[in-house]
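To keep things clear, I will list the structure first and then write my remarks on it.
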Amino acid sequence: MQNLTVRLEMVLGQVRNAANGTVRVIDVGSDHGYLAVRCLEEGIAKSAVCTEIHEGPARKSAVALKEAGFGDCSEVRVTDGLNGVPLSDNDIVVIAGMGGLNIIDIIGRALKDNGTAVMEKVVFVLQPQKSNEIVRKYLCDNGFVFIDESVCYDRDIFYNCMRVVYKGINRELSDLEACYGPLLIEKNNAGDKDVALYFDHLDEIFEIRKRSNPVVRSALEERKNNERK
Ligand SMILES: C[S@@+](CC[C@H](N)C(=O)[O-])C[C@H]1O[C@@H](n2cnc3c(N)ncnc32)[C@H](O)[C@@H]1O
């Protein structure tokens, strides 16, 4: 089986939980292509599409898929995000290891290109490297609903991942929920130790970021108020 980093294992876990063996996995920004290889090896997906904005990583993905014996049930496209890849029922779109603003740009275009009826049948697994609060607010302002969130600690860095689906239902997210994650807050309240460590880490970095970021400042205040109750 293809080895993955702890971070990509977390992302794969979200794909696994959403899959039923008949899905097509679309890995946007696939780089090495390892995630798609693992999805096919495990039988989580029956086919895979890797998209890459750069030719070099696209070539790496194509080689990895071919060498693993999945040349026939996969394709690699050099394209920006999901451009030229129409979505369909049962697709799982993974966008991992990218900045939040890039993720928002890719999802926004997908929403416009595919329409809401198709989007409702697609699962999105997102792992932003930064700007989580902006991604979460964007999703909730644009009809997406959170299904699950997870965290991991990989080579001295905390990462988080979210699984969302489009339902056409907008909801206002508090600054606390945007910064810490609505479902991670629930997991923390239920005593999840990994999430508690992640929140301790966020508390520390937000103490610094609060000076220049009013959303972070308000989230920290809300969190401290909740702790006092
Ligand atoms: C840091 S790597 C992450 C690779 C892999 N998804 C992971 O999580 O390990 C980000 C990759 O996304 C690609 N990328 C960045 N923006 C993209 C876009 N708009 N469309 C497709 N690929 C993109 C980059 O070329 C790079 O290979």
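The values are calculated or read from the model by the stated rules, or taken from the named source; none is laboratory data. Keep in mind that this is a model prediction, so the values were computed, not measured. Note that we place each Cβ from the backbone using ideal geometry, even for glycine, and neighbour counts take in every protein chain shown. Accessible surface is based on the protein model in full, side chains and every heavy atom, while ligands, DNA and RNA are left aside. Shrake-Rupley method; radii C 1.70, N 1.55, O 1.52, S 1.80 Å.
So, in region 80-99, exactly how many residues are more than 12 Å from the ligand (Cβ to nearest atom) and without any contact (Cβ under 8 Å) to a residue 60 or more places away in the chain? If you could, list the steps in order and put the result at the bottom.
In the first step, residues of region 80-99 are kept if they are more than 12 Å from the ligand (Cβ to nearest atom); the result is 86-92.
Retained after the next criterion (residues that are without any contact (Cβ under 8 Å) to a residue 60 or more places away in the chain): 86, 89.
Of the residues in region 80-99, 2 are more than 12 Å from the ligand (Cβ to nearest atom) and without any contact (Cβ under 8 Å) to a residue 60 or more places away in the chain.
I'd like to check something: does region 143-151 contain any residue that is crowded, with 20+ Cβ neighbours inside 10 Å, assigned by TED's automatic domain parsing to the domain that holds Cys50 and in a helix (DSSP H, G or I)?
no
Residue-by-condition table, conditions (1) among the polar types (S, T, N, Q); (2) without any contact (Cβ under 8 Å) to a residue 40 or more places away in the chain:
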position: Gly33; (1), (2): no, no
position: Cys39; (1), (2): no, yes
position: Glu42; (1), (2): no, no
position: Ser47; (1), (2): yes, yes
position: Gly56; (1), (2): no, yes
position: Leu65; (1), (2): no, yes
position: Glu75; (1), (2): no, yes
position: Val78; (1), (2): no, yes
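Please find, within region 1-10, the residue that is least open to solvent (accessible area, probe 1.4 Å) out of those that are farther than 18 Å from Val164 by Cβ and either more than 10 Å from the ligand (Cβ to nearest atom) or touching a Pro at 6+ places or on another chain (Cβ under 7 Å) (or both).
Our first condition is that a residue be farther than 18 Å from Val164 by Cβ; within region 1-10, this holds for 1-9.
Then drop every residue that is not either more than 10 Å from the ligand (Cβ to nearest atom) or touching a Pro at 6+ places or on another chain (Cβ under 7 Å) (or both), which leaves 1-3, 6, 9.
Working: Met1: 150, Gln2: 46, Asn3: 125, Val6: 73, Glu9: 65 Å².
Within region 1-10, the match that is least open to solvent (accessible area, probe 1.4 Å) is Gln2.
Criterion first (open to solvent by less than 80 Å² (accessible area, probe 1.4 Å) and part of a strand (DSSP E or B)) does Tyr138 satisfy it?
On the way: open to solvent by less than 80 Å² (accessible area, probe 1.4 Å): yes; part of a strand (DSSP E or B): no.
Judged against the criteria, Tyr138 is not a match.
The rows are residues; the columns are (1) under 16 Å from the mean Cα position of the chain (by Cα); (2) within 8 Å of the ligand (Cβ to nearest atom); (3) modelled with pLDDT under 95.
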site	(1), (2), (3)
Leu12	yes, no, no
Asn17	yes, no, no
Val28	yes, yes, no
Arg59	no, no, no
Ala68	no, no, no
Gly71	no, no, no
Val78	no, no, no
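Collect the residues in region 82-101 that are more than 12 Å from the chain's Cα centre (by Cα), at pLDDT 95 or above and either open to solvent by 20 Å² or more (accessible area, probe 1.4 Å) or of a type outside the set (Asp, Glu) (or both), keeping them in residue-number order. Step through it out loud before you land on a result.
If we filter region 82-101 for residues that are more than 12 Å from the chain's Cα centre (by Cα), which is where we start, we get 82-91, 101.
Those left that are additionally at pLDDT 95 or above: 82-88, 91, 101.
Leu82, Asn83, Gly84, Val85, Pro86, Leu87, Ser88, Leu101, listed by residue number.
Please work out which residue is least open to solvent (accessible area, probe 1.4 Å), limiting yourself to region 102-132 and to residues that are away from the ligand (no atom under 14 Å from the Cβ), assigned to a helix (DSSP H, G or I) and under 13 Å from Tyr166 (Cα atoms).
Looking at residues that are away from the ligand (no atom under 14 Å from the Cβ), assigned to a helix (DSSP H, G or I) and under 13 Å from Tyr166 (Cα atoms), I get Met119.
Consider Arg38 against the criteria (1) open to solvent by 60 Å² or more (accessible area, probe 1.4 Å); (2) among the basic types (Lys, Arg); (3) under 24 Å from Ile157 (Cβ atoms): it satisfies all of them except one. Which criterion is unmet?
Looking at each condition in turn, Arg38 falls short on (1).
Would you check which residues across region 180-229 are in contact with an Asp or Glu (Cβ under 6 Å, 6 or more places away or on another chain) and in a loop (DSSP other than H, G, I, E, B) and list them? Break it down stepwise before answering.
Residues of region 180-229 that are in contact with an Asp or Glu (Cβ under 6 Å, 6 or more places away or on another chain), as a first pass: 181, 183-184, 215, 218-219.
Listed by number, the list holds a single entry, Gly181.
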